[in-house]
Amino acid sequence: MSVLRIELRRSAAAGAALLALAVGVAALYIAPGRWSEGWMSLTLTIKEYMLLLWPIALAAGAWQGRREHRAKVGELFATTPRSRAGRMLPLLVAMGAALGLAFLLVLGAGGMRIASTAAYFPPDVVAIAIVGAFSLVAAVWLGLGIGRLLPALVTAPVLAVAGVLLVFFTAIMRPDWMGAILSPAYGSTPFYPFQTIDPRVTAVLAIFMAGLALTGVLLLVAQGPRASVAAVLPVLLGFGVAAAIVPRDEAALVAPVDPVARELVCTDDAPKVCVTRVNANVLDALTPLARQGLYTLAKMPHAPTQAHEDRRAFLIGEVPGRDADIVEIDVRIDDHGGLAHPDAVVPEMVFGLGAGYGGPDCERNSAVERAAAYHLLGREPVSDVGVIPEMIEEDPQLNAEALALWQGLQKLPAPEALSRVTAVRDAILACQDSTGLLSR
């Protein structure tokens, strides 16, 4: 233990861990909106930042691995009765523990921010975090072995650059199962709140990283060129085992869904409002807004009576049909884990007239639908830039056409105007062109 304490003080372990911690926390808090939705989003974001953390660990190990060469004490240590493996064990433990702990501390730094708002803790987070920490251990041990084998001054910076390229290109390489084995950042880009990583993908990464770590250890303690060549066997074996068990199906490799996180959590009273379990913390804030949208749509006959968070847009493959009794809502989370853009909830619900947005081949007339929606809202069509988050510019002609149609509706008797608005809704449901339905 005394030798281990000395290694922690005198080696690059503490410095490398502090650097990794500082880089990881800074990267997280530059864009907190990427992971404020919950624990899985946080874990995936840190896993994505392996693009920075993994090269740091690799370079730190290489820098430390050339210590004996730099101090010119290799021959002196070789004369001692203690084996090289025994002498290197404290260094391996110190460097590995420091970098692995740094990863967990980055996770903890983000976790403190979302602990009060994250409504769901997926069990997969634990396995992904442990394998992420072990990935840094494997990187620093591999760096130690390469640094000892190639003790040049440029080895560490070259490995840092190579590490960035390796993590990036293996994460996007094809076929996908190769990336799942090779890249510590694979599958980490967050697309939606109920995304996860298949446990089999996590397992194959752990197997490959174990082979990589053992290769680094053998390079560090190898005595002679034959032992150095034989050191590549563990990583080859690890890749072979991982390739034999890695899933090949797209559902497991490309943004898989956590079914528990996707489950709906609903209000007890009517009109029913539901959100996914991972966003359950915003249900109280969303409910009055969603009900206001339902009351607005209720001016039409056969209007929807429930509001659910939209889950269909994130499904891969065949998307199930929608229920005419349900209007779907885009739920957005702000940087602090609360409901973002609350002013957009009611307009977005009404803009689709409760009929959804049809398929990609449906005929659409945005001016007609816009005029009909604003008639239900009871106000004149205005620019939605700044209200609808994704809208950064607007076609003035479109709003002018909608305004003219809206003014025409105001001149009609209320029952006739509502009848025409309902006809637009029915056209959307039937995937038909709504042109002329307001001005017939």
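Here are some notes:
- Unmet requirement for Cys274, which otherwise passes all of (1) more than 22 Å from the chain's Cα centre (by Cα); (2) outside any strand (DSSP E or B): (2)
- In the range 220-230, the residues that are open to solvent by 20 Å² or more (accessible area, probe 1.4 Å) and either in contact with a Lys or Arg (Cβ under 6 Å, 6 or more places away or on another chain) or in contact (Cβ under 8 Å) with a residue 24 or more places away in the chain (or both): Val221, Gln223, Ser228
- Every pair of residues 6+ apart whose Cβ atoms lie under 7 Å, when the first sits in the range 142-165 and is more than 24 Å from Tyr49 (Cβ to Cβ) while the second is open to solvent by 20 Å² or more (accessible area, probe 1.4 Å) and small (Gly, Ala, Ser): Leu149/Ser228
- From the list Arg277, Arg291, the lone residue that is of a type in the set (Lys, Arg) and either touching a Leu at 6+ places or on another chain (Cβ under 6 Å) or free of Cβ contacts under 8 Å to residues at least 40 places away in the same chain (or both) is Arg291.
- Among the residues of the range 399-425, those that are open to solvent by less than 50 Å² (accessible area, probe 1.4 Å) and in contact with a helix residue (DSSP H, G or I) (Cβ under 6 Å, 6 or more places away or on another chain) comprise Ala402, Leu405, Trp406, Leu409, Ala417, Val421, Val424.
- Among (1) surrounded by fewer than 24 Cβ atoms within 10 Å (Cβ to Cβ); (2) within 30 Å of Glu309 (Cβ to Cβ), the one test that Leu153 misses: (2)
- Within the span defined as the range 185-207, every residue fails to be assigned to a helix (DSSP H, G or I), open to solvent by less than 30 Å² (accessible area, probe 1.4 Å) and in contact with a His (Cβ under 9 Å, 6 or more places away or on another chain).
- Residue identified as more than 23 Å from Ala242 (Cα to Cα) and of a type outside the set (Val, Ile, Thr) among Ala156, Ala185: Ala156
- The residue of the range 289-310 that is most open to solvent (accessible area, probe 1.4 Å), among those that are within 30 Å of the chain's Cα centre (by Cα) and of a type in the set (A, V, I, L, M), is Leu289.
- Odd one out for Phe194 among (1) touching a strand residue (DSSP E or B) at 6+ places or on another chain (Cβ under 7 Å); (2) closer than 24 Å to Val93 by Cα: (2)
- Within the range 99-129, the set of residues being open to solvent by 40 Å² or more (accessible area, probe 1.4 Å), under 22 Å from Ala16 (Cβ atoms) and either touching an Asp or Glu at 6+ places or on another chain (Cβ under 6 Å) or touching a residue at least 40 places away in the same chain (Cβ under 8 Å) (or both) comprises Leu101, Leu105.
- Odd one out for Asp268, checked against (1) open to solvent by 60 Å² or more (accessible area, probe 1.4 Å); (2) part of a helix (DSSP H, G or I): (2)
The values are calculated or read from the model by the stated rules, or taken from the named source; none is laboratory data. Remember, predicted model here, so these are calculated numbers, not experimental data. Using ideal geometry, Cβ is built from the backbone for each residue, glycine included, and neighbour counts are taken over all protein chains shown. Calculation scope for accessible area: heavy atoms of the full protein, side chains included, ligands and nucleic acids excluded. Shrake-Rupley method; radii C 1.70, N 1.55, O 1.52, S 1.80 Å.
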